[in-house]
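None of the figures in this text is laboratory data; all of them are computed from the coordinates on show. Everything numeric here is computed off the predicted structure, so don't read it as measured data. Reconstructed Cβ throughout: ideal geometry from the backbone, glycine too, with neighbour counts over all protein chains shown.
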Amino acid sequence: MKKLKNETELVREALRIGAVYAEKRQAAKFEPSDSAKLKVEYLYRLLVHDNLIQPLVKGDESEPNMRHKLALWISRRLPTDHPLMK
């Protein structure tokens, strides 16, 4: 797994957009006190459930791998001229 350029910022953006998606879908509402780890895991599982991303292989579901999947997901949704894509 090769780390993406700006992966940390991409994950942050994925969590922001994913929180909006989860609220619109009425699946969850993230609280400010929720940990980033909890948000990453919940959002990853929600996107897998909705068939928006491919699931990781069983036994390979670690937080860094989930973060990477979220970064890939958001990088494909952002326009090419977005500052995080440069």
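Here are a few things to note about the model shown:
- Each of K58, K69, K5 was scored by other Cβ atoms within 10 Å of its Cβ. Arranged with the fewest first, they read K58, K5, K69.
- R12 paired with D50, simple spin-label distance in nm, labels 7 Å along Cα-to-beta-carbon: 2.3 nm
- Each Lys and Arg contributes +1 and each Asp and Glu -1, all at the Cβ; summed about the Cα centre of the chain, the dipole is approximately 200 debye.
- Only helices enter this figure: runs of n ≥ 4 DSSP H residues, each worth -39500 (n - 2.57), summed and divided by the residues of the chain, yield -18000 deg cm²/dmol at 222 nm to the nearest 500.
- Highest mobility in the GNM of the chain, judged by mean-square fluctuation with C-alpha springs under 10 Å and restricted to R67, R76, R45, is found for R76.
- The mean sequence separation of alpha-carbon pairs under 8 Å and at least six residues apart, normalised by the residue count of the chain, gives a relative contact order of 41 percent.
- Among E63, E31, E13: highest mean-square fluctuation, GNM of the chain, C-alpha pairs under 10 Å: E31
- Membrane-span-like helices in the chain, defined here as complete DSSP H runs extending at least 15 Å along the helix axis by their C-alpha atoms with mean Kyte-Doolittle hydropathy no lower than 0.0, are 36-49; this is a sequence and geometry rule, not a statement about a membrane.
- Close Lys pairs in the chain, defined as Cα atoms under 23 Å apart and 8 or more places apart or on different chains, number 26.
- Order of T80, T8 - criterion: other Cβ atoms within 10 Å of each residue's Cβ, fewest first: T80, T8
- Applying 1/(1 + (r/R0)^6) with R0 = 25 Å to the Cβ-Cβ distance of K3 and E41 gives a FRET efficiency near 0.80.
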